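Student: Input: one structure, supplied below.
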Amino acid sequence: MKRASIIALGGLGALSLVQAMPWAAAEGAGATLSEVDKAAVFKAAGAVQRKGMWAMCADDPNTRGASIETVRDLNGDGRPEAVVTEGGTFCYGHAGTGYQVLSKQADGTWRVMSGGSGIPEFLKTQGVGGWPDLSVGGPGFCFPVERWNGKAYVLHRFEYEGRRCKPQR
């Protein structure tokens, strides 16, 4: 599965990360949040409102803002999870994307389950409670895979295109 590719911009010597988040459209189709829940998701993700948009990286002078990429029930508990992403190298380095995975709790609040720099991809393998493993892509060819242990997503293995690998140091 292709998750990211690097494109050189002619004459500028700069690089731009073009991302493909295959789960965003297919898995998020039909799922919606109320305006109140959208605001709660952004706030729980650590975003602040700036110039009419939500920004997770408020220090980035050129932010285009954060967005809710997908909403769906990841673990089968009947409550939605949301993935919030934001682009830019100012805060997210070479990966060019930051993310937060949030889960709606039984009391209606939103909890951050995982987050960081990179491109999240939910895998078919699962951790405790039916939570899908989470591959965090970016530049390179060997990506960390986090697994839910009942309390947190923690590093479980590294893989590339479904095969285990060892990251280069």
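Student: Taking the condition in contact with a helix residue (DSSP H, G or I) (Cβ under 7 Å, 6 or more places away or on another chain), acidic (Asp, Glu) and closer than 30 Å to Gly130 by Cα, does Glu69 pass?
Tutor: So Glu69 passes the test.
Student: Could I ask something else about it? State all residues of the stretch 130-141 that are modelled with pLDDT of 95 or more and either surrounded by fewer than 18 Cβ atoms within 10 Å (Cβ to Cβ) or among the small types (Gly, Ala, Ser) (or both); if no residue qualifies, say none.
Tutor: Gly130, Ser135
Student: Of all the strands (runs of 3 or more DSSP E) wholly in the stretch 73-162, which have at least 2 residues that are free of Cβ contacts under 8 Å to residues at least 12 places away in the same chain and closer than 29 Å to Val48 by Cα?
Tutor: Strands (runs of 3 or more DSSP E) meeting the threshold: 153-160.
Student: Might you check whether a residue that is in contact with a Lys or Arg (Cβ under 9 Å, 6 or more places away or on another chain) and modelled with pLDDT of 95 or more occurs anywhere in the stretch 94-101?
Tutor: No.
Student: Need the failing condition index for Glu86 against (1) among the charged types (D, E, K, R); (2) under 26 Å from Cys57 (Cα atoms); (3) surrounded by fewer than 20 Cβ atoms within 10 Å (Cβ to Cβ), just the number.
Tutor: Against the list (1) among the charged types (D, E, K, R); (2) under 26 Å from Cys57 (Cα atoms); (3) surrounded by fewer than 20 Cβ atoms within 10 Å (Cβ to Cβ), Glu86 comes up short only on (3).
Student: Go through Val145, Val136 for me and flag whichever is under 24 Å from Lys38 (Cα atoms) and among the β-branched types (Val, Ile, Thr).
Tutor: Val136
Student: Are any of the residues in the stretch 55-69 in contact (Cβ under 8 Å) with a residue 40 or more places away in the chain and either basic (Lys, Arg) or closer than 25 Å to Ala106 by Cβ (or both)?
Tutor: Within the stretch 55-69 (the criterion being in contact (Cβ under 8 Å) with a residue 40 or more places away in the chain and either basic (Lys, Arg) or closer than 25 Å to Ala106 by Cβ (or both)), the answer is yes, since at least one residue qualifies.
Student: Something else now. Residues in the stretch 45-56: is at least one at pLDDT 95 or above, under 20 Å from Lys151 (Cα atoms) and surrounded by fewer than 18 Cβ atoms within 10 Å (Cβ to Cβ)?
Tutor: no
The values are calculated or read from the model by the stated rules, or taken from the named source; none is laboratory data. Since the structure is predicted, the reported quantities are computational estimates derived from the model, not experimental observations. Note: ideal-geometry Cβ built from the backbone for every residue, glycine included; neighbour counts use all protein chains shown.
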